[in-house]
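The values are calculated or read from the model by the stated rules, or taken from the named source; none is laboratory data. Since the model is a prediction, treat every value here as computed from it, not as a measurement. Using ideal geometry, Cβ is built from the backbone for each residue, glycine included, and neighbour counts are taken over all protein chains shown.
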Amino acid sequence: MGDTPAQSQARSGARARHVAIIMDGNGRWAKKRGLPRAIGHQRGVEAVRRLVRGLEPMGLECLTLYAFSSENWKRSEDEVDGLMNLMRKFIKSDLPEFVENGVKLHIIGDWRGLAPDIVAMLEDALEQTANGTRQLAVALNYGAHNEIARAAERAAESGAITPAGIEAHLDTADLPPLDLLIRTSGEIRLSNFLLWQAAYAEMLFVDTLWPDFEPAHLAQALDDFARRERRYGGR
């Protein structure tokens, strides 16, 4: 049986092209300091900003961040509203910097199910960053089960219900294959994130809470990745 396109591309070298991060630990960061969860989320946004600004020397083609899952709607209304407002502020404040620094934004997930004003802001951000060369994918209202079901339905419509056929219809079809998935905060689970894409990805679970995650942590993860031997089921 031949490789899927993702496997064959990922075999080409040890350097990580695409890293995804489950940004976990904002609430625990705040609790440890006796602060409201909202402050933890604000500090989490600052960690995103630091990381994106520090990406260029690392040579990554794409960074994907799990920002808001389809399950996060189960949180309190106040917390969800706060996260949505943070998203609005982040887009307004950081979009000019993205454009200036050649960041190309991708949104994965059912993001058109968000509030209409956020959808409009995201559409504008996608248009303004379309010519960028450094890819940043943000998962919003994302769930891997839903993504795979949608991709399988489209593959069936095209008459190609094969691994390659399904992969061609994933939200990440235009992104490089996933090489490394990192989760912060010490939790060891995928939480319905990039389940298909992670099939042959390397994984790293770190104790660092997301607001404390620095570009140096990612640089170390990339060094660790470069030393791993990826066999894809072979020897």
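Residues in the stretch 169-189 that are touching a residue at least 60 places away in the same chain (Cβ under 8 Å) and either buried (at least 16 other Cβ atoms within 10 Å of the Cβ) or aromatic (F, W, Y) (or both): how many?
Counting residues in the stretch 169-189 that are touching a residue at least 60 places away in the same chain (Cβ under 8 Å) and either buried (at least 16 other Cβ atoms within 10 Å of the Cβ) or aromatic (F, W, Y) (or both) gives 13.
Does A120 satisfy the criteria of being at pLDDT 95 or above and either in contact with a Ser or Thr (Cβ under 6 Å, 6 or more places away or on another chain) or more than 24 Å from H41 (Cβ to Cβ) (or both)?
no
Take the residues in the stretch 103-123 that are exposed (fewer than 13 other Cβ atoms within 10 Å of the Cβ) and in contact (Cβ under 8 Å) with a residue 24 or more places away in the chain; name whichever of them is nearest to A149 (Cα to Cα).
G113
With the requirement that a residue be more than 28 Å from N141 (Cα to Cα) and polar (S, T, N, Q), what does the stretch 178-235 give you?
Q220
For L114, indicate whether it is at pLDDT 95 or above, in contact with a Phe, Trp or Tyr (Cβ under 9 Å, 6 or more places away or on another chain) and over 25 Å from L175 (Cα atoms).
When the stated conditions are applied, L114 does not pass them.
Name the residue, out of L60, L86, L95, that is assigned to a helix (DSSP H, G or I) and closer than 24 Å to L181 by Cβ.
Selected residue: L86, the only one of L60, L86, L95 that is assigned to a helix (DSSP H, G or I) and closer than 24 Å to L181 by Cβ.
Checking V80 against (1) over 17 Å from the mean Cα position of the chain (by Cα); (2) assigned to a strand (DSSP E or B), only one condition comes out false. Which one?
V80 satisfies all of (1) over 17 Å from the mean Cα position of the chain (by Cα); (2) assigned to a strand (DSSP E or B) except (2).
So, in the stretch 107-148, how many residues would count as being in a loop (DSSP other than H, G, I, E, B), over 14 Å from L95 (Cβ atoms) and under 18 Å from the mean Cα position of the chain (by Cα)?
Residues flagged as in a loop (DSSP other than H, G, I, E, B), over 14 Å from L95 (Cβ atoms) and under 18 Å from the mean Cα position of the chain (by Cα) within the stretch 107-148 amount to 5.
Between residues in the stretch 73-101 that are closer than 13 Å to L122 by Cα and residues that are surrounded by fewer than 17 Cβ atoms within 10 Å (Cβ to Cβ) and among the hydrophobic types (A, V, I, L, M, F, W, C), which pairs lie under 7 Å by C-beta distance while being six or more apart or on different chains?
What qualifies is M84/A115.
Okay, residues lined up against (1) crowded, with 16+ Cβ neighbours inside 10 Å; (2) assigned to a loop (DSSP other than H, G, I, E, B); (3) not β-branched (V, I, T):
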position	(1), (2), (3)
R150	no, no, yes
R154	no, no, yes
E157	no, no, yes
I166	yes, no, no
N192	yes, yes, yes
M203	no, no, yes
A216	no, no, yes
R230	no, yes, yes
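Which of the following residues is small (G, A, S) and without any contact (Cβ under 8 Å) to a residue 60 or more places away in the chain: G143, G132?
G132
Report, by residue number, each residue of the stretch 14-52 that is assigned to a strand (DSSP E or B) and either aliphatic (A, V, I, L, M) or free of Cβ contacts under 8 Å to residues at least 12 places away in the same chain (or both).
Selection gives V19, A20, I21, I22.
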